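The values are calculated or read from the model by the stated rules, or taken from the named source; none is laboratory data. Only a predicted model underlies this, so the values are computations on that prediction, with no experimental measurement involved. Counting neighbours? That spans all protein chains shown, and the Cβs are built from the backbone with ideal geometry, glycine included.
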Amino acid sequence: MTLKAKPVLKDKFWIVEDNEKRIGTLSWSDDRYMFSSHAETCFFDNERQINKKLGIIIWGEETSPQKILDSEDLQIHGYPTRVTPYNNMYDVKRKLPLFTKSEKSKSLYCAGYYIIRFEKGWVKSFCPKLITVERYETRGPFKTELEMKQELNRAV
C-alpha cells in the first residue's frame, strides 16, 4: 500500500490518502507523530516507524486549504499567526498584538508564542485567546518558539 501525506500545516499536520481517498490524519507534537483513522490511533517516534507500520508514505506538496500566503501576511506587528489575521490591533497598555480569525468574529486572539500558568504548571501556547491571557498568569508574546521555550525553562 502506498499512501500520500498532504500537508495542511507545514511540518505539523497532514491528511493521509490512499488513491485520493482520505484514510486518516497524521500530526507532529513536540516529540512524536500521531496517526488517527476511523480504525485506530498510533504513535510513532520517526518517519521510518510510520513507513514500517503503514507502508510507504509519499510526503506530498503543500496543499493548504487556505491559499498559500507570504509569511508577512501571517504576522501582526512582527508576531506570527497560523491563520490569516483580521481586525489587527495592538493593545498598548498590555503590549499585546491582537486579531480575529474572521472579519465578523468578536473573539480576540493574541499573536505570537506565550507561556501560561495553569493550576498544574506552565504550558506552551501559540496564539491563545485574549480571555485566557487575561485570566491566567502569562509571559509573552515571543516572536519565536525558541524564545518561548527559553522562558519556559526559566519559569519552571
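I want to confirm something. Restricting to segment 140-149 and keeping residues that are on the phi < 0 side of the Ramachandran plot and assigned to a strand (DSSP E or B), which single residue is surrounded by the fewest Cβ atoms within 10 Å (Cβ to Cβ)? Going through the qualifying residues, I end up with 142. Which pairs do you get when a residue that is within 15 Å of residue 101 (Cβ to Cβ), found in segment 111-138, comes within reach of a residue that is assigned to a loop (DSSP other than H, G, I, E, B) and aliphatic (A, V, I, L, M), reach meaning Cβ atoms under 9 angstrom, with the pair 6+ apart or on two chains? Cβ pairs passing all conditions: 127/83; 127/111; 129/108; 130/108; 131/108.
The set of residues from segment 12-37 being surrounded by 14 or more Cβ atoms within 10 Å (Cβ to Cβ) and either in contact (Cβ under 8 Å) with a residue 60 or more places away in the chain or within 13 Å of the chain's Cα centre (by Cα) (or both) comprises 13, 14, 27, 28. Out of (1) of a type outside the set (A, V, I, L, M); (2) surrounded by fewer than 14 Cβ atoms within 10 Å (Cβ to Cβ); (3) closer than 27 Å to residue 7 by Cα, what's the single condition that is false for residue 101? Here residue 101 clears every test but (2).
Any chance you could count how many residues in segment 93-139 are outside any strand (DSSP E or B) and not charged (D, E, K, R)? The number of residues fulfilling the criteria is 13. Would you check if residue 152 is surrounded by 12 or more Cβ atoms within 10 Å (Cβ to Cβ), within 28 Å of residue 10 (Cβ to Cβ), in contact with a Lys or Arg (Cβ under 9 Å, 6 or more places away or on another chain) and at pLDDT 95 or above? Judged against the criteria, residue 152 is not a match.
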